[in-house]
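To keep things clear, I will list the structure first and then write my remarks on it.
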Amino acid sequence: MTSHVSTIEQAEEFIFPTYKRFPITLVRGQGCYLWDEEGKRYLDFFAGIAVCSLGHSSPILSKALYEQSQKLVHVSNLFYTQPQTDLARALIENSFADRVFFCNSGAEANEAAIKLARRYSRQRFGANRHVIITMENSFHGRTMATLSATGQEKIRAGYDPLLEGFRYVPFNDLRGLESSLDSSVCAVMVEPIQGEGGVVVPDPEYLKKLSGICREHDILLILDEIQVGMGRTGKLFAYEHFGIIPDIVTLAKALGNGMPIGAMLARNGLKDAFGAGSHATTFGGTPLVTAGALAVLRSLLDDGWIENASLVGNYFKQRLVGLQQKYSIIKDVRGLGLILGMELNAEGAPIVAACMERGFLINCVQEKVLRFVPPLIIGKEEIDSLINCLDDIFEREAK
């Protein structure tokens with residue numbers, strides 16, 4: 001008789017071990033909950049890393065995907081399609097932008113931004129103006145260009161030689177930025193909130209002053225909103241909190257609520273740098289994924305989920321601060337809307353494991369920062385249940 005081989009055992013045999021996976025196999029999701037193959041239910045504060053803003057198995061997304069799948073799934077981008085055009089128009093009507101480029105992921109959106117910035121600057125200023133300043137502790141993707149842009153040595157390690165033309169400066173440090181400026185710089189690329197860097201929120205005036213510096217020196221400002229865009233901060237785009245108008249914004253993650261889609265938004269003055277044949281992708285903005293993304297965007301705008309992210313996010317943060325005041329293991333609580341971080345004075349992995357054992361999915365970044373990025377549809381009752389769980393865990397740790 002053949003013995004049963006688990007999904008985990010098969011995955012370990014067949015798939016490259018590039019992920020440090022949790023020891024559970026998830027088989028079903030509904031709203032803010034997930035179930036494993038043993039039938040255990042988990043309350044999800046992970047949301048696929050800030051992806052499933054409308055929750056799992058969203059009927060809104062499912063309906064849009066089903067209806068579009070009965071019409072047209074894929075054609076080449078050498079043809080026009082209505083869903084892609086409709087999504088582009090909706091993004092432009094609700095943002096600073098005039099033009100959109102669709103792709104498959106956040107890394108590809110950032111690749112497009114890097115290429116657009118360099119091509120535009122070459123056309124306008126010549127070949128010597130190509131350097132892009134990024135921030136220490138930043139994360140922009142895993143392709144060679146976005147890896148090179150990422151300001152974390154542990155992410156870049158082992159891939160030398162990296163792509164040239166990136167310069168790293170401390171986040172939230174205008175003096176460090178200004179000291180790195182010279183005639184070779186064409187753009188500054190920055191996350192409004194550093195997600196993988198530990199949910200680091202800059203000083204209130206940092207991005208406004210950074211924008212002013214870029215305008216003064218005729219340098220493009222690229223905002224990587226892949227993790228914080230699409231309502232997560234309590235506004236559709238994070239830049240809206242800071243009173244600035246960027247030149248380029250990149251999106252992915254929550255744009256498709258799990259469907260593979262990315263987008264680069266840009267102002268009209270840059271459009272001539274991306275003419276026919278200058279950049280392309282086979283699967284970027286297919287009719288299927290753009291129909292799904294449009295349904296997601298409309299729900300975010302019309303059904304109150306962005307406002308919910310603000311209201312419930314403020315409540316969540318207050319509850320986390322309450323724990324901070326109670327337990328010395330908690331060093332800091334920070335974030336905006338429903339991207340929140342709790343920095344500990346100890347390793348976070350045991351807390352993540354203890355939460356999972358109790359039926360709550362969270363994760364840890366930078367070894368000591370618990371990150372909370374639940375679906376935007378989450379309510380106070382679910383927040384309270386996690387707080388009670390954390391309270392119990394920290395109380396046990398304190399003994």
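Every number in this text was worked out from the coordinates using simple rules, so none of it is lab data. These numbers were taken from a predicted model, which means no experiment stands behind them. Neighbour counts are summed over all protein chains in view; Cβ atoms, including those assigned to glycine, are modelled from backbone coordinates with ideal geometry.
General observations
- Distance histogram in 5 Å bins (all Cα pairs of region 175-277, percent per bin): 2, 11, 21, 23, 19, 14, 7, 2, 0
- Simple Cβ-charge dipole of region 267-399, Lys/Arg +1 and Asp/Glu -1, about Cα centre, in debye nearest 20: 320 debye
- Within region 1-102, chymotrypsin sites (Phe, Trp or Tyr not before Pro) in DSSP loop having at most 11 other beta-carbon neighbours inside 10 Å: Y19, F79, Y80
- Inter-part distance where region 225-281 and region 125-200 are each reduced to a Cα centre, Å: 18 Å
- A Förster radius of 45 Å, combined with the Cβ-Cβ distance separating R298 from S328, puts the computed FRET efficiency at roughly 0.50.
- Listed residues G195, N257, T85: farthest to the positive end of the dipole of the chain (Cβ charges): T85
- Based on the reciprocal of the average 1/r between different C-alpha atoms, the Kirkwood radius for region 115-221 equals 14.1 Å.
- Helix axis angle, 305-326 relative to the chain longest principal axis, alpha carbon, degrees: 60 degrees
- Net charge of the neighbourhood of Q227, taken over other residues with C-beta under 11 Å away and scored Lys/Arg +1, Asp/Glu -1, is -1.
- Against the rule of thumb 2.2 N^0.38 Å, how large the Cα Rg of region 262-307 comes out: 1.52
- Mean separation of Cα pairs under 8 Å and 6 or more residues apart, divided by the residue count, gives region 273-396 a relative contact order of 21 percent.
- Here r is the Cβ-Cβ distance between A127 and I15 and R0 is 56 Å; the resulting FRET efficiency, rounded to 0.05, is 0.85.
- Think of each Lys and Arg Cβ as +1 and each Asp and Glu Cβ as -1; about the Cα centre, that makes the dipole of region 164-273 roughly 340 debye.
- Sites K154 and K63 - FRET efficiency at Förster radius 45 Å, r taken between beta-carbons, to 0.05: 0.60
- Reduced Cα scattering model of region 1-120, Debye log10 I(q)/I(0), q = 0.09, 0.12 Å⁻¹: -0.45, -0.76
- Cα-Cα over 31 Å, subset of K208/K317; K154/K326; K115/K380; K63/K271: K154/K326; K115/K380; K63/K271
- Residue with peak Gaussian network fluctuation, the chain [Cα springs, cutoff 10 Å], from S58, S69, S278: S278
- Within a Gaussian network of the chain (alpha carbon springs, distance under 10 Å), most fluctuating of R89, R21, R119: R21
- Alpha carbon convex hull of the chain, volume per residue in cubic angstrom: 163 Å³
- Across region 107-211, the mean sequence separation of Cα contacts (distance under 8 Å, 6 or more residues apart), normalised by length, yields a relative contact order of 29 percent.
- The reciprocal of the average 1/r between distinct C-alpha atoms defines the Kirkwood hydrodynamic radius, which for region 288-328 equals 12.2 Å.
- Residue among K208, K115, K71 with the largest mean-square fluctuation in a Gaussian network model of the chain, springs linking Cα atoms under 10 Å: K71
- When only Cα pairs below 8 angstrom with a gap of at least 6 residues are kept, the chain shows a relative contact order of 22 percent.
- In region 320-392, the C-alpha radius of gyration followed by the widest Cα-Cα span (Dmax) gives 11.4, 31 angstrom.
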